[in-house]
Amino acid sequence: CMRSFFKIFFASLLALIAFVLIVFFFTIGFLSSIANGIAGNQREETGSNGVLVLDLSQSFAEKPVEDPLANFSDTRYNTPGVYDVIRLIRYAKTDSSIRGIYIKAGSNANGFGTSEEIRNALADFKKSHKFIYAYGDVISLKAYYTSNVADKIYCNPKGGLEWQGLTSVMYYFKGTLDKLGIQPEIFYAGKFKSATEPLRTDKMSDANRVQLTKLLGDIFNHILYQTAIARSQDTAVLRRCVDQQLIQHPGDAIGYKLLDGAKYNDEVLEEILPKLKLKSVNDINFVPLGKYYESVKLKMKTDGKDRIALIYAEGNIVGGKNDQREIGEDAYRNMIRKARLDKDIRAIVFRINSGGGSALVSENLWRELSLAKAAKPVVVSFGDVAASGGYYLSCNADSIFADPMTITGSIGAFSIIMNAQSFLKNKLGVTFDDVHTAKEPDAITLARPLTEMQRRFLQNDIDSIYHDFKSRVADGRKKDINYIDSIAQGRVWGGQEALDLGLVDEIGGLQDAVNCAARLAKTNDYRLREFPEPKNFLELLLSDYKETVKIKSI
């Protein structure tokens, strides 16, 4: 009798679970079809007399950031990627529904490379003779640089402009580790490879001070030069304003022609009204960038007989399948391979924005891009940073483009092993013991210091990686390895300096790289196929859930 009860109970439970799963997937499928149907139609039109709003405090990733609930809301929008922002501004240049651009220029959440590309797009937009106004209560240096091509740039009368030099502050944790009894075992190749310095010293090394001084100096000189052109001012005057801290109040910035005036936001909007032939600020049709993206993104897609693959790669270089906030080996190897084997794809543009990661994954992606290069043109575009592994995997391309302020190079290698034996024993009372089959312990663990043999093997491994790195660069850039060694040593360079040294081929943005790929493929009748390919509603929902779980479990 009891056996029959359990049979009936578990059968009913199984049926209930099956029913719940069926309802769940049916509901998800139904919602997905609705979302995709909505996405297939254009969102609300932008209307006439539109003023495109560019908020620089919004961070733009290389790939569009898709909100799984955007299609169900009138106020939530997908966030365009960097290249989408450039294309949107370019499209707005000839869009009769857009009369001008309003820049929210308080802060800038984007890197210098991204800011440069946006700034260039804004400068090109001005050729349409449509207006650009920029406003911020307090305008940061990077926001100011991006927006100072505007027709008019204003700050709050009680705000100001942060016209200051660039500073890089490093934090050093050696003293903290010493107090905790944790000893980092560090192996590196390249005297400028500074990533490990915060763990092995309590102050900046002379080599790192030299490279950072040069890098920041090059970036700031570029800002001064471009600002002088945009504002019809002398670079020497602008530098004196920084060195002597002459910009303390809005009136100072106006006096030195950095700003056009000090106004409240409502006064700036009143100034825009005559250009739109409107009488009330409430009638201004402000079009958020995300809304404009949803409205015109299908119109921006060009038709063409040929295909050019555009692969966005951003984040740390790691193993696995992640293609959203990391450069996962499996995901990107498959993308590159798919583009290589697709006969309709005539060329590949690889957009990289990464400070590095796994040496082995970088080698494997270098290999995949090299195989692709043997089949069709491969052009690489650097974003804010292409350093260490980000440069490694790119160095064999047919042509490499960088922005003037792209952080480039860092040809070196390092490894860190933490010895926490003293911390675990003296602070936590944890001790360890082990047995092993080899003559010496061969397992590397937090529980004990490395043996001399382990240290020797690890340093040899780092030296070998460094040699391979230099060899890849020398072969790809067609340079002598001794020359590469002289500019390597883990040192980072600005984009313009990288061009002068032969680490890149051209100064330019992603559009320049796409144009180059088209020339190499001998086609002007093409359209882009972009990777990673867009996810459907269910994939977005699940990936968003996974990311939330991941964040909460740290």
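The values are calculated or read from the model by the stated rules, or taken from the named source; none is laboratory data. Small disclaimer: the values here were computed from a predicted structure and weren't measured. We place every Cβ from the backbone using ideal geometry, glycine too, and count neighbours over all the protein chains shown. Surface areas here come from the heavy atoms of the whole protein model, side chains and all, with no ligands, DNA or RNA. Shrake-Rupley method; radii C 1.70, N 1.55, O 1.52, S 1.80 Å.
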(request) Any residue in the range 229-248 that's more than 15 Å from residue 162 (Cβ to Cβ): show its pairings with residues that are assigned to a loop (DSSP other than H, G, I, E, B) at Cβ separation under 6 Å, as long as the two are six or more apart or on different chains. (result) 230/148; 230/149; 231/257; 233/257
(message) Quick check on residue 463: is it over 28 Å from the mean Cα position of the chain (by Cα), part of a helix (DSSP H, G or I) and over 30 Å from residue 379 (Cβ atoms)?
(response) yes
(message) Can you list residue pairs whose Cβ atoms sit under 6 Å apart, with the first residue in the range 410-429 being within 30 Å of residue 208 (Cα to Cα) and open to solvent by 60 Å² or more (accessible area, probe 1.4 Å) and the second being in a loop (DSSP other than H, G, I, E, B) and among the basic types (Lys, Arg)? Count only pairs 6 or more apart in sequence or on different chains.
(response) 414/193
(request) Report, by residue number, each residue of the range 134-191 that is modelled with pLDDT of 95 or more, β-branched (Val, Ile, Thr) and part of a strand (DSSP E or B). (result) 138, 139, 153
(message) Against the conditions (1) of a type in the set (Phe, Trp, Tyr); (2) open to solvent by 50 Å² or more (accessible area, probe 1.4 Å); (3) not in a strand (DSSP E or B), where does residue 286 fall short? Just the number, please.
(response) (3)
(request) Take the residues in the range 519-550 that are acidic (Asp, Glu) and at pLDDT 50 or above, then tell me which one is nearest to residue 328 (Cα to Cα). (result) 533
(request) Give the range 129-166 a look and list any residue that's open to solvent by 20 Å² or more (accessible area, probe 1.4 Å), touching a Ser or Thr at 6+ places or on another chain (Cβ under 7 Å) and not basic (Lys, Arg), or say none. (result) 140, 162
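Would you say residue 243 is touching a strand residue (DSSP E or B) at 6+ places or on another chain (Cβ under 9 Å), modelled with pLDDT of 95 or more and under 25 Å from residue 148 (Cβ atoms)?
Values: touching a strand residue (DSSP E or B) at 6+ places or on another chain (Cβ under 9 Å): no; modelled with pLDDT of 95 or more: yes; under 25 Å from residue 148 (Cβ atoms): yes.
Taking the combined requirement at face value, the residue does not satisfy it.
If you go through the range 524-536 one residue at a time, do you hit one that is more than 30 Å from residue 303 (Cβ to Cβ), in contact (Cβ under 8 Å) with a residue 12 or more places away in the chain, not β-branched (Val, Ile, Thr) and not in a loop (DSSP other than H, G, I, E, B)?
If we filter the range 524-536 for residues that are more than 30 Å from residue 303 (Cβ to Cβ), which is where we start, we get none.
Taking every residue of the range 524-536 in turn, none turns out to be more than 30 Å from residue 303 (Cβ to Cβ), in contact (Cβ under 8 Å) with a residue 12 or more places away in the chain, not β-branched (Val, Ile, Thr) and not in a loop (DSSP other than H, G, I, E, B).
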(request) Within the range 199-254, work out how many residues are under 30 Å from residue 176 (Cβ atoms) and under 24 Å from the mean Cα position of the chain (by Cα). (result) 7
(request) Kindly indicate whether residue 386 is in contact with a helix residue (DSSP H, G or I) (Cβ under 7 Å, 6 or more places away or on another chain), more than 23 Å from residue 307 (Cβ to Cβ) and either among the acidic types (Asp, Glu) or surrounded by 24 or more Cβ atoms within 10 Å (Cβ to Cβ) (or both). (result) no
(request) Look through 303, 323, 283, 260 and report the one residue that is modelled with pLDDT of 95 or more and among the charged types (D, E, K, R). (result) 260
(request) Within the range 229-260, work out how many residues are in contact with a helix residue (DSSP H, G or I) (Cβ under 9 Å, 6 or more places away or on another chain), in a loop (DSSP other than H, G, I, E, B) and not charged (D, E, K, R). (result) 6
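Pick from 448, 455: which is within 30 Å of residue 486 (Cα to Cα) and open to solvent by 40 Å² or more (accessible area, probe 1.4 Å)? Steps first, answer last, please.
Details: 448 fails: within 30 Å of residue 486 (Cα to Cα).
The unique qualifying residue is 455.
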(request) Kindly provide the set of residues from the range 478-517 that are over 15 Å from residue 382 (Cβ atoms), part of a loop (DSSP other than H, G, I, E, B) and open to solvent by 50 Å² or more (accessible area, probe 1.4 Å), ordered by number. (result) 478, 479, 480
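Take the residues in the range 301-330 that are among the aliphatic types (A, V, I, L, M) and farther than 23 Å from residue 85 by Cβ; name whichever of them is nearest to the chain's Cα centre (by Cα).
317
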(message) For the range 405-436, give me each residue that is farther than 30 Å from residue 521 by Cβ, part of a strand (DSSP E or B) and touching a Phe, Trp or Tyr at 6+ places or on another chain (Cβ under 7 Å).
(response) 413, 414, 415
(message) Can you find, within the range 192-212, the residue that is nearest to residue 387 (Cα to Cα) among those that are open to solvent by 40 Å² or more (accessible area, probe 1.4 Å) and acidic (Asp, Glu)?
(response) 206
(message) Quick check on the range 114-125. Is at least one of its residues out of contact with any Cys (no Cβ under 9 Å at 6 or more places or on another chain), in a loop (DSSP other than H, G, I, E, B) and either surrounded by fewer than 21 Cβ atoms within 10 Å (Cβ to Cβ) or modelled with pLDDT under 95 (or both)?
(response) no
